[in-house]
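Inspection log for the structure reproduced underneath, given as structure tokens.
The values are calculated or read from the model by the stated rules, or taken from the named source; none is laboratory data. Note that this is a predicted model, so its numbers are computed, not measured. A quick note on method: Cβ atoms are made from the backbone with ideal geometry, for glycine too, and the neighbour counts reach across all protein chains shown. Side chains are part of the model used for accessible areas, which takes the heavy atoms of the whole protein and leaves out ligands, DNA and RNA. Shrake-Rupley method; radii C 1.70, N 1.55, O 1.52, S 1.80 Å.
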Amino acid sequence: MTEAPARRTPGTPCWVSLIVHGLTATQEFYGALFDWEFRPGPEQLGPYVRGLLHGEEVAGIGQLPPDRHLPIAWTTYLATDDADATAEAIRSCGGTVAVGPLDAGDAGRLAIASDPSGAVFGIWQGLRHIGTRAAGAPGTPVWNELVTQETSMVAKFYQTVFGYETEAVLSADFDYQTLHLDNVAVAALHGVGHALPRDRGPHWMTYFEVADTDRAAARVVELGGRVLQPPREGSSGRLATVADPEGAVFTIIRSTGG
């Protein structure tokens with residue numbers, strides 16, 4: 001397991017978090033699946049814990065107020081050096097800022113936004129907390145990908161706000177663009193056309209590394225989750241799309257480099 005760099009280039013996915021109804025049950029699920037341990041985090045937005053792997057922070061889980069009924073989904077956070085300026089850029093480019101920018105104690109400053117297609121993401125200006133501290137090992141987030149209907153229009157939004165260079169896959173039947181910063185691929189846009197789930201719409205997908213995709217998928221079911229797309233071979237490794245007991249969807253992958 002390697003430690004992530006202390007400063008993240010603006011636009012780099014730096015953190016993932018999940019807001020659920022049952023905080024304790026969700027900790028039990030991800031603790032059993034990924035061997036995470038937990039410790040309290042900032043509670044400005046309600047009860048919140050950080051998942052740790054071998055003592056290094058990898059993800060956050062918070063609890064919704066009892067009267068809130070929002071879709072349960074993992075949120076990808078993109079790094080910024082100035083949350084307020086990035087929030088203004090999001091608005092001026094046709095996106096929406098739903099929460100913030102606001103301070104999360106001395107950890108940093110955040111906002112929750114959506115792109116013009118409606119896909120939700122976060123921005124994070126790290127202070128004491130710079131984001132995920134571990135990379136590469138099973139149980140860590142290894143990739144983030146926007147699943148949308150088509151990539152061309154939304155790519156312009158992300159390019160303008162975060163300064164990405166894009167590299168498209170040249171294929172008549174595969175709409176895929178990789179997002180690069182400093183010549184390094186950091187995320188991707190995947191246009192799936194009419195295959196986009198109607199109950200979810202455009203959304204960011206988090207990929208978590210696992211040691212064995214088939215065993216991990218079976219474990220998801222044992223723990224009360226569901227397998228949405230069974231284990232299969234992909235260009236980057238063997239992967240499966242699954243959902244936790246509250247319905248949050250994510251991808252598990254045994255990557256070719258893992």
Neighbours by Cβ (under 8 Å, 6+ apart or cross-chain): first from the stretch 18-38, in contact (Cβ under 8 Å) with a residue 24 or more places away in the chain; second part of a helix (DSSP H, G or I) and open to solvent by less than 60 Å² (accessible area, probe 1.4 Å)
LEU18/THR26; VAL20/THR26; LEU33/ALA216; LEU33/VAL220; TRP36/GLN27; TRP36/TYR30
Is the stretch 142-165 home to any residue that is hydroxyl-bearing (Ser, Thr, Tyr), over 21 Å from TRP74 (Cα atoms) and modelled with pLDDT of 95 or more?
yes
Answer yes or no as to whether ASP182 is at positive phi and exposed (fewer than 13 other Cβ atoms within 10 Å of the Cβ).
yes
May I ask you to say which residue of ARG68, ARG50 is free of Cβ contacts under 8 Å to residues at least 40 places away in the same chain and within 22 Å of GLU209 (Cβ to Cβ)?
ARG50
When residues of the stretch 231-246 are limited to those that are in contact with a helix residue (DSSP H, G or I) (Cβ under 7 Å, 6 or more places away or on another chain) and open to solvent by 40 Å² or more (accessible area, probe 1.4 Å), the one farthest from ASP214 (Cα to Cα)
GLU246
When (1) within 22 Å of ALA135 (Cβ to Cβ); (2) free of Cβ contacts under 8 Å to residues at least 24 places away in the same chain are applied to ARG232, the one that fails is (1)
With outside the structural domain of TRP143 (by the TED database), more than 30 Å from LYS156 (Cα to Cα) and in contact with a strand residue (DSSP E or B) (Cβ under 7 Å, 6 or more places away or on another chain) as the only criterion, which of GLY95, GLY51, GLY100 stands out?
GLY51
Give the residue that is surrounded by the most Cβ atoms within 10 Å (Cβ to Cβ), with candidates limited to residues of the stretch 159-179 that are in a loop (DSSP other than H, G, I, E, B) and of a type outside the set (Val, Ile, Thr).
TYR164
Could you check how many residues of the stretch 116-136 are assigned to a strand (DSSP E or B) and closer than 18 Å to PRO10 by Cβ?
6
Of the residues that make up the stretch 84-100, is at least one of a type in the set (S, T, N, Q), closer than 23 Å to VAL184 by Cβ and either free of Cβ contacts under 8 Å to residues at least 12 places away in the same chain or open to solvent by less than 10 Å² (accessible area, probe 1.4 Å) (or both)?
no
